[in-house]
Each structure stands twice: as structure tokens, then as C-alpha cells.
Amino acid sequence: MDYDVIIIGAGPGGIYSAYELKKTCPGIRIAIFDSGQELKNRHCPIDGVKVRSCVKCKSCSIMSGFGGAGAFSDGKYNITNDFGGTLFEHIGKKEAIELMEYVDRINVENGGEGTRLYSTAGTQLKKICMQNKLKLLDASVRHLGTDINYIVLENLYSYLKDSVDFYFLTPVEKVEVTEGGYRVIYDGGEKSCSRCIISVGRSGSKWMESVCESLSIPAKSNRVDLGVRVELPAVIFSHLTDELYESKIVYRTEKFEDSVRTFCMNPHGIVVTENTNGIITVNGHSYESKDKQTENTNFALLVAKHFSEPFKDSNGYGESIARLSNMLGGGVIVQRFGDLIRGRRSNEKRIAEGMVTPTLNATPGDLSLVLPKRILDGIIEMICALDKIAPGTANDDTLLYGVEVKFYNMEVGVNEHLETSYPGLYIIGDGSGVTHSLSHASASGVYVARRIAGKWQET
Ligand SMILES: Cc1cc2nc3c(=O)[nH]c(=O)nc-3n(C[C@H](O)[C@H](O)[C@H](O)COP(=O)(O)OP(=O)(O)OC[C@H]3O[C@@H](n4cnc5c(N)ncnc54)[C@H](O)[C@@H]3O)c2cc1C
């Protein structure tokens, strides 16, 4: 065998697997393959001046490379079983939390010291939310910020680079089962290993489907989250963000009894575009350092759409809606809340005259031409509900960017060890459909590494 372990994907899942394996089994031979670049070479060409929108690079620097989708993220590590994935269903609630806390300690030791850990424990805001038909979910959150998150990744890369073989810009094409292990095939070569960890995240979702198909690994998909990113003056949400940083609030709509939730809150942050398989959607992040902060706060409002038989392609549904916004707006569309309510598109002039200066250069348009009515109605109801706990949320000038889509990978058939029916073939992180966040993906990496380490030490 060329390696004891091959890890496919250098996102948080892959990085924390390698970190833990190196720590517990110093002599173990590990290779990591990633379609993207080494961290220092990851640059998105959008500069807002010469390149104003996505040019669809072969490998997206925002989503791929060392650090994975998390590299330029806000670095919010939520320690909770309430959201961010269902890792606890496989490994138990207690162990899931312990692993997330362990990952937090590693982040703190590797550059995150001095960052703050926020918590919902004992907050008065819970009561205020409840009084207004809103539910605040429990969590502790370490906010690294995009800048410190990058430093932590640099330090983890320094720790790994001399003892792990990295194959960057090397998308894996196939994984084959061999006698006693696996063959990992890529353009121009192949490597063998005794154990293989697949951690390809959301950007690898289509490839993951092909692996499941070729190896007959069961997989099911039935959910996509659709909505908008809200941007408003930071002062409107400051009583929530100062205390909790990120508040995950859920509202049940009166009209359809759908759940709408806040997601990925970025105080003083910026709105950014995201490219998933060539489709441009919206996201957001923020910096820890004061000089990079803006006067705005942004967060997503998402409605979960579950499908029942016979429809199976929930991601395809989300993609079609995102494509519609790409078709109408050439990318992301932005609309003032006041324009949406009055049934008219936004234009450059009305946005320029508004109180909120957009942090993303998006095309003014009409989101009602893109989002299904039921989803849009839910979002409008939620904005009005949030206005009661954060007056000003429903102001005319509040900006809505669309569409924000959270694609969920298919849930892959893995057991309580995150192992497939093939011994030694593990599927972890967002690529497994089990996790949807930095902390859960990282924790799944540590979990599997400990399992492999135990077996490796026995041999
Ligand atoms: C802009 C943005 C902001 C975010 N902010 C937050 C946040 O604040 N908090 C939070 O909890 N989550 C956040 N997320 C989500 C978070 O980044 C992911 O949940 C997390 O990165 C998942 O980790 P992962 O290792 O499973 O996958 P990923 O991070 O997606 O990494 C997968 C890696 O696999 C590689 N890959 C894919 N296919 C192949 C292949 N065939 N061969 C080789 N390599 C392959 C990719 O290039 C990628 O580098 C954010 C995401 C984005 C895009």
C-alpha cells in the first residue's frame, strides 16, 4: 500500500482527521487529495473593480483547497446538537459535544486565543423571543472571524505539511475497492491505501453521488433550504449580536405553519457570492478585526423544503430556483424590503437613496419573480416577527439578497462509526449529509481518526 490512510478533501473534516491521526499515530502514512489549491494560493478573482462577478474558475477558490468551504468563512464554530448536523444521531449527544469542545481547544491553541466564546445560557433574550412567537436555539459559539480562522488554518497546515503528502489541484476521479484496501484514481495516476476517508463537502456532492452509485452505497436526499440574505444597519440587531454574536431563531409561519429560521449571522459583516457547481448564490461573513468591519449586519432567512416520493432531486429544485435568479440578475439579485412589499423591482437609484449601503454589488431586481410564493410569504412573515424583537428589521430600506440556498448532500449509508459497509471506507463531514457546519464536520474528522488510530495501533 502507498499509504495507511488517504483522505479525500482538505476541508475541516479532512484536516481534523489528519491532525488527530498524526497526533495519536506519529508514524502513520497519510495523503490528502484536494481539487483546490494550497491555502496561500487560494484567491477569488472577484475584486469588485476589474472582475465584478463570478468568472466560474475551474476550481473555485472560495469552496475548494486547504480549509475547504470554511477557509474564508466567518469561522463560527457552533458547539451544539440543536443545529449544524445530526452527528449525535450516530455517535451520541455527549460525545458529539465533547468532540466539538476538543476542536474548539485546538482552534484556540492554534491562533484562536483571545477570541470570544458566546453562549445562550441564561440569556433574557430567550424570553423576549418566546413572547413574540420566536424560538431561540441553544448554543455556544466561538467566533474566530475570517481573519483569525485563516491564521488557525495556516498553523494547522504548518503542523501537517511535513508529515502528510498533500496532492493539491488533484480531483479524485474514482475510488475502487481492492483486496485489503482502496485504490484512489486521479488524472495521471493512482495511489493505494488500507483505509480511506472521504470528506468532500458540498462542492463534492455530485462526485459523492457517483461514488455511492459505483460502490452501491445507499444514499437518500430529500431536503433543500431556500431563502434570502438580509442586510441591515448593525445597530438594529446589536442587542442580540453583542450578547450572542449569532442567534439561531426559528419562527413558525401562521399561514402555512412552515418553519423559517435565521442562519449564519454576521455582525458588521459583508455579503458575498458563493459558487456551487457553477450556480451563483449568496452567503456572508465577517471579520474579527475592527478595521475590516462594516456598519451592516447580515443573516440568512431560510425555509426548509422537504420532498416526498416520487421526487428525489431536492438539490436540483434548489438549483433551478438559483438558476432563475442567475438568469434574471446575471448572478445575485438585491431588493429593498419596501419594494418587495409594494410589488415593484428595486433599482440602483432607490437602493442608493436608502439607509443601507449594500456590501455586495448585486443586480437590483424583484425576488418575487424568483422565489416560490409560499417561501416568500414565510420570509415576509418572519421579517415582521423579527421586527418585534429588533425594531427596524422590517424597514423599507432593509436589503434582501437572493437567492440563498443551502444544499444538503445526500445522506449516505454509514453506521455509528461513520463507516460504509466496506470496512475502512469512511464518509464524513458535509459530504456525508451527516454534518452541515464547521464544528460538526471537524468533530466527525476527529471521531473517525480516533477509530482508525485504535485499529492501526492494534496492528
Ligand atoms: C462562505 C461560507 C461561509 C460559511 N460560514 C460558516 C460558519 O461561519 N460556520 C459554520 O459552521 N459553517 C460555515 N460554512 C459551512 C462550512 O464551511 C462547512 O460546513 C464546512 O466547511 C464543511 O467541511 P467539510 O470538510 O465537510 O467540507 P468542505 O469544507 O466543503 O471541504 C471539502 C473539500 O473537498 C474537496 N473536494 C471535493 N471533491 C473532491 C474530489 N473529487 N477530489 C478531491 N477533493 C475534492 C473540495 O475542494 C474541498 O476543499 C460556511 C460556508 C461558506 C461557503
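The values are calculated or read from the model by the stated rules, or taken from the named source; none is laboratory data. Just so it is clear, the structure is predicted and the values come from calculations on it, not from any experiment. Virtual Cβ from ideal backbone geometry, glycine too; neighbours counted across all protein chains shown.
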Among Ala31, Ala69, the single one that is touching a strand residue (DSSP E or B) at 6+ places or on another chain (Cβ under 6 Å) and aliphatic (A, V, I, L, M) is Ala31
Segment 181-205, subset in contact (Cβ under 8 Å) with a residue 60 or more places away in the chain and small (Gly, Ala, Ser), residue surrounded by the fewest Cβ atoms within 10 Å (Cβ to Cβ): Ser192
Checking Arg142 against (1) away from the ligand (no atom under 13 Å from the Cβ); (2) touching a Leu at 6+ places or on another chain (Cβ under 6 Å), which single condition isn't satisfied? (1)
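Among Gly433, Gly378, which is out of contact with any Lys or Arg (no Cβ under 6 Å at 6 or more places or on another chain), within 30 Å of Tyr150 (Cβ to Cβ) and crowded, with 20+ Cβ neighbours inside 10 Å? Please lay out each step first, then the result.
Numbers: Gly378 fails: within 30 Å of Tyr150 (Cβ to Cβ).
None of the other options fit; the residue is Gly433.
Only one of these is under 24 Å from Glu209 (Cα atoms), within 16 Å of the ligand (Cβ to nearest atom) and surrounded by fewer than 19 Cβ atoms within 10 Å (Cβ to Cβ): Glu411, Glu416, Glu404. Name it. Show your work before the answer.
Values: Glu416 fails: within 16 Å of the ligand (Cβ to nearest atom); Glu404 fails: surrounded by fewer than 19 Cβ atoms within 10 Å (Cβ to Cβ).
Within the list Glu411, Glu416, Glu404, the selection yields Glu411.
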Hey, any hits in segment 41-53 for a residue that's in contact with a strand residue (DSSP E or B) (Cβ under 9 Å, 6 or more places away or on another chain) and basic (Lys, Arg)? no
Kindly list, by first and then second residue, each pair from a residue in segment 257-270 that is free of Cβ contacts under 8 Å to residues at least 60 places away in the same chain and on the phi > 0 side of the Ramachandran plot to a residue that is hydrophobic (A, V, I, L, M, F, W, C) and surrounded by 21 or more Cβ atoms within 10 Å (Cβ to Cβ), limited to pairs with Cβ atoms under 6 Å and residues at least 6 apart or on different chains. none
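Just for segment 290-317: of the residues that are small (Gly, Ala, Ser) and more than 16 Å from the ligand (Cβ to nearest atom), which one is modelled with the lowest pLDDT? Quick ask: steps written out before the conclusion?
Narrowing segment 290-317 to residues small (Gly, Ala, Ser): 300, 304, 308, 314, 316.
If we keep only those that are more than 16 Å from the ligand (Cβ to nearest atom) too, we end up with 304, 308, 314, 316.
Numbers: Ala304: 91, Ser308: 82, Ser314: 87, Gly316: 88.
Of everything passing the filter in segment 290-317, Ser308 is modelled with the lowest pLDDT.
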Do we have Ile217 as more than 10 Å from the ligand (Cβ to nearest atom), at pLDDT 90 or above and assigned to a loop (DSSP other than H, G, I, E, B) here? yes
